[in-house]
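Only one structure is covered here, and it is reproduced in the block below.
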Amino acid sequence: MQRIIKFNLISQTSFVARRPISIGRTASFQSFNVQDQEDFQKRVLNASTPVLVDFHAKWCGPCKTLGPRLEALAAEKLDKFHLAKVDIDNVPELAEEYNVTAVPSVIAIKGGKVEGSFVGVLDDDKLRAFVNKLIGE
């Protein structure tokens, strides 16, 4: 069965990808750009679903490699976690609060608490293991 991923723009700051998983069912994942600390509190810390927070910058080469890989993993895992993107140049106070000193940096948050983190680009197996630990697989 061929997987089809269709991106539907919901707003300027979020999107949901949907793909058929069986006849009559559609699953989705959510990815969004964090706008400020209030947005982070509401959509990340208060989320009932685990969230991977990708701290990145537009000028960062490795970030351009990691971002699409995180989105692909989110699409594969569907609604088991959300992907929040924080541009450190737009929301530097969040980077400071979470001691982000290099990008890309990824922090796993579950139930409002940091469950793990890594800096740099991981290989596919380590990235998958990191996500699986967060979602309990």
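The values are calculated or read from the model by the stated rules, or taken from the named source; none is laboratory data. None of the values given here were measured: they were computed from a predicted structure. Glycine also receives a Cβ, built like all others from the backbone with ideal geometry; neighbour counts cover every protein chain displayed. SASA here: full protein model, heavy atoms, side chains in, ligands and nucleic acids out. Shrake-Rupley method; radii C 1.70, N 1.55, O 1.52, S 1.80 Å.
What the table below lists for this structure:
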| quantity | calculated |
| --- | --- |
| Residue tally, condition among the aliphatic types (A, V, I, L, M), free of Cβ contacts under 8 Å to residues at least 24 places away in the same chain and under 19 Å from GLN37 (Cα atoms), over segment 82-116 | 1 |
| Filtered residues of segment 87-134 (kept if in contact with a helix residue (DSSP H, G or I) (Cβ under 6 Å, 6 or more places away or on another chain) and in a loop (DSSP other than H, G, I, E, B)) | ILE88, VAL103, PRO104, GLY112, VAL121 |
| Residue, farthest from GLY112 (Cα to Cα), within segment 57-85, restricted to residues that are open to solvent by less than 10 Å² (accessible area, probe 1.4 Å) and assigned to a loop (DSSP other than H, G, I, E, B) | CYS60 |
| Checking MET1 against (1) open to solvent by 70 Å² or more (accessible area, probe 1.4 Å); (2) touching a helix residue (DSSP H, G or I) at 6+ places or on another chain (Cβ under 9 Å); (3) modelled with pLDDT under 90, the condition it does not meet | (2) |
| Qualifying residue in segment 115-130 (condition: open to solvent by 10 Å² or more (accessible area, probe 1.4 Å) and in contact with a His (Cβ under 8 Å, 6 or more places away or on another chain)) | no |
| Filter pass, PRO104 being open to solvent by 50 Å² or more (accessible area, probe 1.4 Å), of a type outside the set (Gly, Ala, Ser) and either over 19 Å from ARG43 (Cα atoms) or modelled with pLDDT of 95 or more (or both) | no |
| Contacts under 8 angstrom Cβ, first residue in segment 59-70 being of a type in the set (D, E, K, R), partner open to solvent by 70 Å² or more (accessible area, probe 1.4 Å), 6 or more apart | ARG69/ASP124 |
| Residue among ASP79, ASP125 that alone is more than 18 Å from ASP36 (Cα to Cα), free of Cβ contacts under 8 Å to residues at least 12 places away in the same chain and acidic (Asp, Glu) | ASP125 |
